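A short worksheet on the structure shown next.
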Amino acid sequence: MIGLANIGCYIPENKVSNLDLIDKFDIDDNFIRNKIGVIERAIKEPEEKASDLCLKAFNDLLTKQNLDVDEIECCVVVTQNPDFAIPHTSAVVHGEIALPETCACFDISLGCSGYVYALSIVTAFMQTNNMKKGLLFTADPYSEIIDQDDKNTALIFGDAATVTLLDEEAKLKPLGFNFGSKGSGYANLINKEKLYMNGRAVFNFSAATIPVSVNSLLEKLKLTKEDVKQWYFHQGSKYIVDTITKRLALDSHKVVFDMYGYGNTVSSSIPLLLSKDITSLQSGEKILLSGFGVGLSWASTVLEKNK
């Protein structure tokens with residue numbers, strides 16, 4: 001069974017401080033630290049594209065994991081901000097890494113729920129086609145579509161990329177998934193000429209939907225909340241993560257939160273968190289991932305570390 005072996009990450013060194021924008025947006029320190037939870041945002045260089053961020057995440061993976069690129073059979077990029085409309089960004093990444101021509105490549109157009117969706121899609125794809133090693137990238141450089149005068153988005157989103165090595169010998173494997181969509185609300189988070197977000201509507205959707213998704217998944221897997229060692233929610237804002245934590249009556253010490261120094265990185269938010277813990281989990285330990293946002297969509301999964 002295909003599982004998660006390791007995760008490489010890239011967060012741009014260039015940071016923009018939200019504390020410098022207090023007067024511009026008529027906000028205070030408490031709002032920055034305890035509501036949105038973003039003190040500074042990571043911003044890519046203007047000339048960098050999604051594929052460039054992916055390649056830097058891949059280079060980080062190589063510092064953590066011995067990897068023969070000739071063994072990679074699948075390369076997938078989750079992004080809604082691709083390099084070009086045509087071709088798919090995974091083709092660009094494939095060429096830059098010099099992956100074998102027998103390697104399958106495709107993109108997945110999903111945002112905040114994209115990583116969890118992609119884990120289901122790509123592991124199933126690999127298993128069906130008897131593949132042993134694959135690369136799952138996430139990269140959504142929202143700095144390209146943000147209106148810097150829009151308080152609802154300018155203070156929140158940052159740039160980053162990740163790559164997850166999927167391997168048949170990996171020990172961290174999904175036990176099951178829960179998915180859903182509320183397409184009637186798609187216009188609450190949309191990019192036309194610039195990104196628009198109805199923050200209240202997206203918050204209400206997330207706060208109402210994710211506790212139900214989590215409880216449904218646990219019930220399906222015959223697990224309790226006490227069976228879960230760590231919780232990894234999409235880092236939409238500190239307020240939404242805190243709200244979901246309270247509505248599920250979780251131990252806050254088991255809920256991972258870390259976006260203060262780089263912002264909401266969309267599809268990269270969950271793997272950025274998981275990258276710090278993936279190799280330290282012990283046999284039998286279970287963790288829960290839940291992504292939610294653009295679409296409006298959501299996806300949750302439980303992963304277990306096997307022997």
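Among the residues of the range 187-195, is any basic (Lys, Arg), more than 19 Å from the chain's Cα centre (by Cα) and more than 30 Å from residue 67 (Cα to Cα)?
Yes, that holds for at least one residue.
Report those strands (runs of 3 or more DSSP E) wholly inside the range 79-184 carrying at least 3 residues which are small (Gly, Ala, Ser).
The strands (runs of 3 or more DSSP E) meeting that bar are 172-181.
So, in the range 56-70, exactly how many residues are touching a helix residue (DSSP H, G or I) at 6+ places or on another chain (Cβ under 7 Å) and crowded, with 20+ Cβ neighbours inside 10 Å?
Residues flagged as touching a helix residue (DSSP H, G or I) at 6+ places or on another chain (Cβ under 7 Å) and crowded, with 20+ Cβ neighbours inside 10 Å within the range 56-70 amount to 1.
I'd like the full set of residues that are under 18 Å from residue 179 (Cβ atoms) and free of Cβ contacts under 8 Å to residues at least 40 places away in the same chain, limited to the range 191-210.
208
For the range 267-307, which residues satisfy the criterion of being over 20 Å from residue 215 (Cβ atoms) and among the aliphatic types (A, V, I, L, M)?
272, 273, 274, 278, 281, 294, listed by residue number.
Hey, residue 105 hits all of (1) touching a helix residue (DSSP H, G or I) at 6+ places or on another chain (Cβ under 8 Å); (2) crowded, with 20+ Cβ neighbours inside 10 Å but one; which does it fall short on?
(2)
If we only count strands (runs of 3 or more DSSP E) wholly inside the range 1-55, which ones have 1 or more residues that are surrounded by fewer than 16 Cβ atoms within 10 Å (Cβ to Cβ)?
15-17
Does any residue in the range 258-271 that is farther than 9 Å from residue 138 by Cα come within less than 9 Å, Cβ to Cβ, of a residue that is of a type in the set (Asp, Glu) and not in a loop (DSSP other than H, G, I, E, B) six or more places away or on a different chain, and which pairs are these?
Close Cβ pairs satisfying both conditions: 260/40; 261/40; 262/40; 263/40.
Filtering the range 96-128 down to residues that are free of Cβ contacts under 8 Å to residues at least 60 places away in the same chain and of a type in the set (Phe, Trp, Tyr), which residue is farthest from residue 189 (Cα to Cα)?
Looking at the filtered set, the residue picked out is 125.
Taking the condition modelled with pLDDT of 95 or more, touching a Phe, Trp or Tyr at 6+ places or on another chain (Cβ under 8 Å) and closer than 30 Å to residue 184 by Cα, does residue 302 pass?
No: the conditions fail for residue 302.
The values are calculated or read from the model by the stated rules, or taken from the named source; none is laboratory data. Just so it is clear, the model here is predicted, and its values are computed rather than measured. Cβ atoms come from the backbone with ideal geometry, glycine included; neighbour counts cover every protein chain shown.
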